[in-house]
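Student: Have a look at this one.
Coordinate-derived values only; no laboratory data. The structure displayed is predicted, hence computed values, not measured ones. Here the Cβ positions follow ideal geometry from the backbone for every residue, glycine too, while neighbour counts run over all protein chains shown.
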Amino acid sequence: MGKETDPQERAALEQKVADMVQQSKMLESYLNDILTRESALSRLIEEANLASEALQALSGESDTDSMIPLGIGIYARSTIGTLGNLLVNIGAGITVEKSKASTIDYVESRIKEFELGIRQLTLQKQQVTARLNQIQNEINAVIQNSTNK
C-alpha cells in the first residue's frame with residue numbers, strides 16, 4: 001500500500017479518537033462532580049471548626065449573650081443561660097441530647113470524617129486528572145501519526 005491511509009483504517013482511527021473524546025468528556029464530568037463534593041466538604045469542615053470554637057467559648061457557669069440566626073441574614077438577640085445539655089442532630093432527622101464535652105467530641109470526630117473524605121476525593125481527583133492527561137496524549141499521538149502518513 002502507498003503512503004495514503006485507506007478508508008477503513010481512517011474510519012477506525014476516527015472511531016478511536018471519538019471514543020477517547022467521549023471517555024474524556026465523561027471523566028471531565030466526574031472531575032467536576034469531585035470538585036463540587038470537595039468544595040462542599042471544605043465548607044462543612046469550616047462550619048464544624050466554627051461550631052467547635054463556639055462550643056469551647058461557651059461558659060457553663062454564666063449567661064452568654066448571643067444572636068440566633070432566623071434565616072436570610074436575620075438574627076434575634078438571645079441569652080444562653082447556664083449551659084446544660086445540647087441538642088445534636090446526628091442525621092436522618094434524629095436529634096439527641098449530649099453534654100458540652102460530648103458534643104465537642106462529636107464535632108471533632110465529624111471534622112476527622114470530613115478530612116478523610118477530602119483526602120479520598122483528592123486521590124480520586126489525581127487519578128482522574130492523570131487518566132485525562134493520558135487520553136489527551138493518546139489523542140495527540142493518533143492525530144500526529146495520521147498526519148505523518
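Student: Take S59, S42 and order them by how many other Cβ atoms sit within 10 Å, fewest up front.
Tutor: Values: S59 11, S42 15.
Neighbour counts put them in this order, fewest first: S59, S42.
Student: What is the sum of charges around S59, taking Lys and Arg as +1, Asp and Glu as -1, for the other residues whose C-beta is under 15 Å from the C-beta of S59?
Tutor: Taking every Cβ under 15 Å from that of S59, the sum is -3.
Student: Here is a follow-up. Take the alpha carbon atoms of segment 124-149, find their center, do the same for segment 61-102, and report the distance between the two centers in whole angstrom.
Tutor: 53
Student: Using the Cα centre of the chain as origin and beta-carbon charges of +1 (Lys, Arg) and -1 (Asp, Glu), tell me which of S99, V142, I34 is placed farthest towards the positive end of the dipole.
Tutor: V142
Student: From the residues N85, L116, A51, which one has its Cα farthest along the dipole of segment 25-143 in the positive direction, the dipole being from +1 and -1 charges on Cβ of Lys/Arg and Asp/Glu about the Cα centre?
Tutor: L116
Student: Let me ask you something else. Which value in Å does the Kirkwood hydrodynamic radius of segment 25-143 take, with 1/r averaged over all unlike C-alpha pairs and then inverted? Walk me through the numbers on the way to the answer.
Tutor: On the way: mean 1/r = 0.0564 Å⁻¹.
Kirkwood radius, segment 25-143: 17.7 Å.
Student: Between I135 and S29, with labels modelled 7 Å along Cα→Cβ, what's the label distance in nm to one decimal, could you check?
Tutor: Calculated label separation equals 1.1 nm.
Student: Moving on to the next point. Suppose every Lys and Arg Cβ carries +1 and every Asp and Glu Cβ carries -1, with no other charges. What dipole size does the chain come out with about its Cα centre, to the nearest 20 debye?
Tutor: Values: 15 positive and 20 negative charges, 79 e Å.
Dipole about the Cα centre, nearest 20: 380 debye.
Student: From the convex hull of the Cα coordinates of segment 82-132, what is the mean projected area in square nanometres? Before the final figure, lay out each step's value.
Tutor: Numbers: hull surface 18.9 nm².
The directionally averaged projection comes out at 4.7 nm².
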